[in-house]
Every structure is written in structure tokens, then in C-alpha cells.
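**Student:** Sharing a structure below in C-alpha cells format, with a few things to ask.
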Amino acid sequence: MKKQFIIAFISIVSLVTTITSKAQTTATVKITGEVTAPLSLTVADLHQYTQTTVVRKDKDGKDHTYSGVILADILQKAGVTMNRESLTKYLLVDASDGYEIIFALAELDKSFTDKIIILADTVDGKALAPGDGPFRIIVQDEKKPARCIKQVTSLKVLFAK
Amino acid sequence: MLYNYYRLKVSTKYFLKLLRARIIKAVGVWFLLVFSLVLSAWSYYYDEITTGAYHFNYPTNFGNRINVPDNNPTTKQGVYLGRMLFYEPRLSANNTLSCANCHKQQLAFTDNRPFSLGVDQVETTRNSMSLANLLWTRKFFWDGRAASLEEQAAIPLTNPHEMGQSLEVSVKKLKAEPEYPALFKAVYGDNTITGDRICKAIAQFERTLISANSRYDQYLSKAYQPSAEELKGMELFNTGPQPEKGIRGANCAHCHGGVKTYLELFHNNGLDSIPKDNGIEAITGSPGDRGRFKVPTLRNIALTAPYMHDGRFKTLDQVLDHYSDHVVQSESLSTVFRGESNDIGGRTLKLLPQEKKEIIAFLNMLTDKDFVTNPEFSDPHLHSTKK
């Protein structure tokens, strides 16, 4: 009888630990909306893509080197088409604090602009700080940092209605 | 004789006249009585039920990014029913509480308590939220867990420490009331009462709770000239501090910005290093969400004490003191509170006592008397019985 109790106790403890460890899910960015293949990317997934660096001044007034993946590459992987119709599409970016910004899809299209916009996960070779990451959009040369949205959780492609 | 005859004739004439007047009077009184009874009975059920699409009336500067689900368009009859239900104590387990017990109009739909008492006399875990300008809201509750007012409404109705009654029981109770089946028919086309329909109607009413006539609105439409103190407070509210340039500010608008003083953001504002209530972390499991709660609207803020998700601050002075001097550092403290200061190298805002007073003067401009006295938002049951 005692043995059974011990076994039951151990199994309950292990079950609880697996549940709680599962609750601490790895952070992801979800890519949804007008896509053919919705994606859910972890930091490890992001490292499978070609990495690009962007240098940008932060609030401290100093240059920082951000590394990540060009947004257009991620959208291409999700099956977003860049054609005449996509001129009325936009990308809605959501952060975990509720902050939202948008890009017109053409702003992300290499055939329209040389300005690079990446989904970064490192700054100066280190993972982004908890308040900024794990994912942050970095817009090259944009005067205001307001669209360098921190703690990104979702990218959604939508049609302007 | 002639004289007598004449007298008789006159008196008969007079008598007949008197009789006629009496009859007319009596009939008149009875008619009036019956008429007014019928009218009041009729008006009890049908008064004010105009039907058709409900037109939201708000200033253009509020913007049109409104949130009305396609499957619950707002109608005048839906709003009417929703108002009846918002003030309906039969929706609670002991028939004593309605939504309005924790959301009182005169307090901008809050209840002046840190936590509210449910049907079981147990306190809720978070502070009752003001219901203003929900038409533009997309994430409800302190942790933003509900995506619509329809989804939101079901939770306090059924929570055992709030109204504590299943929707099934609510449906049964409403069916037994003479006025409700007909009202549901007017709104939904047939007199079936369901939990879903109850929540939809309540949501329709709540969307009409628009607060857009504060002195701040009047200032924006050039109908009010603020005092020097209010103007200074407004400037501090809207400015981020840059001590190296000699610019002073409180940066409130960073999170409470825009005409609606609401941006639908969720932050850890440094109340505790180890929070008792983990906020959004309890849903996402992400340590970055620890102690993170909704940044609420500041509309009618002078009426909605106590403040914060746990109602820990009794006054706006205490709130200003917190942001100025007592923000607690932690891993999940939102970045907006890190290193924002009016002192070079300061860790907290460091506002002057006078500046706090000025900001509070501006916050008082956000009180909307029309909103808290608008008869269209008041208890319709009281209204009916008073007639």
C-alpha cells in the first residue's frame, strides 16, 4: 500500500513538472493572415534563414549592430506573393505589450526599396534584453524608432479593406 | 304663475345642465383613469422600444477603429434589452446583484472598492474596471484575455465569486418574466432566450457607453479654455523628460495617449518586485509578462478610485507619487519605466510637488458629467416603476 502511494506521488510530481515546464513555452513569432503556409518561428528556426545585420542608433545615442532575418524572406517562406495586388496589402506587427505597427507590403519589397527591415534576435552579438526581445523589428535608417517594435509576437498579412 | 312656470323651466334647465356636467365629469374621470392605466401599462412594456440600426454618436477625433462583431450588429432594440439585462439582478444566484453593482454609472461604472463582493460575499481578485469607450476596445479584462464584450460578459455572470449563476439558470429565470420573451423576439426575431443572446444584448448596451464630453473634449473642440494649471499639467502629461535638454515631463501619454487616453497596452508599471498577482504571465507562461496588466483609460479617472488592478492606491496623489518616486525595479518592469527621469541619471520620474498637482488638474479635465448622468445609461427598472 505504501509503495503504491509512493509511486502515485512520484508520478503526480513528474506530471506536474512536465505540465509547468510546458507552460513555460518557448517564445515564437506567428506569421498568419494572407499566407499560404502559416508559420510559427522560434529563435532556433530564425537561425535557419540567411542572417542580415543592420546598424542603428539606440536611445543611448550609440550605434548598435542588430542581426536577424529580412522580413521579406520570412514572408516569402510563408507564401506571401509580391505582385500588383499586394500593393493593397499590409503587414500588421503585434507585440506582447499590445503595441501594434504596420508596414505596407511594398515597404518590404526589394524591388521597391533598398531600406532593410529585419526581424532581429541579437544586438551586438548577444540575445536581445528581456524587455526588447526575444524578437524585435529593426528598420534601417528610419528617423523615429517607433516602428522598431520590441517583443514581437505576431506578423499578420492583411488586405486593406 | 308665469313667473313660477318660468322658475320651474329655469330650474329644470339648470338641473339638466348640472346632470349633464356631472355625467361628463364622471365619464371623463373614468375615461382618464382607464386611459392613463392602459397607457402606463402599455408604456411599461413598449415605451422607448424604437427599432432599427443603432447609430453611434462620437466625435470624429475618436477615429473609426471600432470593434463590433459581424454576428452582433448594434440595434436600438438590442441596446434597450441589453440595458434591461445590465441592471437585472435576476441574472445573479441570489437575485441581488446586477452588472451595475460593481459598475455604477455615477462612478463611471466602477464601484469605489479595491475588490468587489460577489453573491457569496467573497471578494473578486481584481479591481472593477470602468466601462467607457468600450466600442474601441479589442482586449478586455486587466489581462486582456477576452477578445469581445460578448465573451467578456459571460465571465462575471457565471463566476461563483461574482454573479454566480450559470447562463442556463439565467435563461430559465428570464423566461418566467412576462416582459423578456417579447423583448428577445424584438431583438432576435423569435422569443428564444439563450445565454449567447443575453451576452450579446449586454455587449450591445455596453458599446453605447461613450464618454466624449469632458472639459478635455471641450478644449479639443475649442469650447473650453483650460486654466494655466491645467495647461501645464497637459503639457507634462504629453512630454517625455529630457533632463539634458532641460525638458521636463511625466510621459503619461506614452501609454495613455491619444484623444481617448487609451492605447490598449499592457505593462508592468513597477508596483512590486515579486507580484502577488502575476497578471498576463498566468495566461502565457512567459516570465516577460509577469505583473503585466492593462493600461486603462484615464477617462473619468477622478471618479474611479481606488486605482491599479488591485485598488492599492486610494487617491490620484498616491498614483502620481508612485510613478514619480516609487517604481520598483524587476526583471519584467516595462522598458518605458527604465531610466525615464527628470533628473540626469535618475531612476524614477522625479516630479516636483507642483508638477504632480498640475497633472492632477489635467486629469480632472477628463471627468465627463454628461456620461455619469446620462439617463440613457441609467437603471431602466427604476425608471419604469417610478412612472
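Throughout, read-outs are computed from the coordinates displayed, never taken from laboratory work. No experiment lies behind these values; they were computed from the predicted model shown. Cβ atoms come from the backbone with ideal geometry, glycine included; neighbour counts cover every protein chain shown.
**Student:** List the aspartates and glutamates whose alpha-carbon lies under 13 Å from that of A:LYS110, not counting same-chain residues fewer than 8 positions away?
**Tutor:** A:ASP73
**Student:** In segment B:280-375, which trypsin sites (Lys or Arg not before Pro) are in a loop and have at most 16 other Cβ atoms within 10 Å, using DSSP for the loop call?
**Tutor:** Filter output for segment B:280-375: B:ARG312, B:LYS314, B:ARG338, B:ARG347, B:LYS350.
**Student:** Could you tell me which trypsin sites (Lys or Arg not before Pro) in segment B:109-198 are loop residues by DSSP with no more than 16 other beta carbons within 10 angstrom of their beta carbon?
**Tutor:** Within segment B:109-198, the qualifying trypsin sites (Lys or Arg not before Pro) (loop, at most 16 other Cβ atoms within 10 Å) are B:ARG138, B:ARG145.
**Student:** Right, next: Given the protein assembly as shown reduced to its alpha-carbon atoms as identical point scatterers, what log10 I(q)/I(0) does the Debye formula return at q = 0.08, 0.12, 0.13 Å⁻¹?
**Tutor:** With no solvent term, the Cα-only Debye profile gives -0.67, -1.30, -1.42.
**Student:** Working from Cα positions, state the angle (0 to 90°, nearest 10) between the long axis of helix B:2-46 and the longest principal axis of chain B.
**Tutor:** 30 degrees
**Student:** How charged is the neighbourhood of B:THR125? Take every other residue with its Cβ under 14 Å from the Cβ of B:THR125, and add Lys/Arg as +1 and Asp/Glu as -1.
**Tutor:** My count for the surroundings of B:THR125 gives -1.
**Student:** Another question, then. Of the cross-linked pairs A:LYS30/B:LYS260; A:LYS59/B:LYS245; B:LYS314/B:LYS356; A:LYS30/A:LYS150; B:LYS139/B:LYS350, which ones have a Cα-Cα span greater than 24 Å in the structure shown?
**Tutor:** Exceeds cut-off: A:LYS30/B:LYS260; B:LYS139/B:LYS350.
**Student:** Helix B:353-364 versus the longest principal axis of chain B: what angle, 0 to 90°, nearest 10, using Cα atoms?
**Tutor:** 30 degrees
**Student:** Count neighbours as other Cβ atoms within 10 Å of each site's Cβ, and list the chymotrypsin sites (Phe, Trp or Tyr not before Pro) in segment B:48-150 that are DSSP loop with at most 15 such neighbours.
**Tutor:** B:PHE56
**Student:** Regarding chain B, what is the average projected area of its C-alpha convex hull, in nm²?
**Tutor:** Approximately 28.6 nm², given one-decimal rounding.
**Student:** Let me ask another. Can you tally the net charge around B:GLU177? Count Lys and Arg as +1, Asp and Glu as -1, for every other residue whose Cβ sits under 14 Å from the Cβ of B:GLU177.
**Tutor:** Once all neighbours under 14 Å are counted, the net charge is +3.
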